[in-house]
1. Can you tell me which residue in region 108-117 is farthest from VAL41 (Cα to Cα), limited to those that are surrounded by 10 or more Cβ atoms within 10 Å (Cβ to Cβ) and of a type in the set (A, V, I, L, M, F, W, C)?
2. Here is a list: ASP31, ASP55. Which entry is surrounded by fewer than 16 Cβ atoms within 10 Å (Cβ to Cβ), assigned to a helix (DSSP H, G or I) and of a type in the set (Asp, Glu)?
3. Give the residue that is surrounded by the fewest Cβ atoms within 10 Å (Cβ to Cβ), with candidates limited to residues of region 58-73 that are assigned to a strand (DSSP E or B) and of a type in the set (A, V, I, L, M, F, W, C).
4. Is there a residue being exposed (fewer than 14 other Cβ atoms within 10 Å of the Cβ), part of a loop (DSSP other than H, G, I, E, B) and at pLDDT below 95 anywhere in region 82-89?
5. Going by the structure shown, is VAL77 in a helix (DSSP H, G or I), within 29 Å of LYS21 (Cα to Cα), modelled with pLDDT of 95 or more and in contact with an Asp or Glu (Cβ under 9 Å, 6 or more places away or on another chain)?
6. Please count how many residues of region 34-46 are without any contact (Cβ under 8 Å) to a residue 24 or more places away in the chain and either surrounded by 11 or more Cβ atoms within 10 Å (Cβ to Cβ) or part of a loop (DSSP other than H, G, I, E, B) (or both).
Amino acid sequence: MGGGCIEPWFRIGDGCHKMTKELWTKTEVVDFFQIEERFLVELEEEEIICPLCRDDPSERLFPPTEMEKLRLAKILVEEMGVNLAGVDVILRMRQNMIDMRNQFDTILEDLARHLPEVFRRDL
């Protein structure tokens with residue numbers, strides 16, 4: 001895969017890895033991203049990532065959305081020197097931009113559906 005990875009692929013180290021699982025355990029996450037468990041705990045404490053808890057509260061599971069946030073947090077901290085407060089702000093802004101893009105796409109789709117009607121009426 002060229003320079004970047006496309007979801008559900010993650011760039012870790014020198015390669016892209018496919019996300020084939022729906023839920024990941026804490027141990028799998030630590031191994032996959034090659035991170036210290038403490039980093040994962042800090043991200044949870046700061047509510048930057050929010051794992052799912054099943055019947056057993058100690059059994060935290062991470063869906064792909066949280067894995068993506070963890071991947072970005074790791075890059076921001078390790079490669080760019082951003083602190084956790086900065087990571088939180090960046091990830092929130094990123095999510096806001098994604099939400100706005102989705103709203104914009106919906107508006108464009110509505111407009112594309114209604115434009116033919118407007119042109120037919122004006123003719």
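The values are calculated or read from the model by the stated rules, or taken from the named source; none is laboratory data. Just so you know, these numbers come straight off a predicted model, no measurement behind them. With ideal geometry, Cβ positions are generated from the backbone for all residues, glycine too; neighbour counts draw on all protein chains shown.
1. Applying the filter and picking the extreme gives LEU115.
2. ASP31
3. Out of the qualifying residues, it is LEU61.
4. No, because not a single residue in region 82-89 is exposed (fewer than 14 other Cβ atoms within 10 Å of the Cβ), part of a loop (DSSP other than H, G, I, E, B) and at pLDDT below 95.
5. Answer is no for this residue.
6. 5
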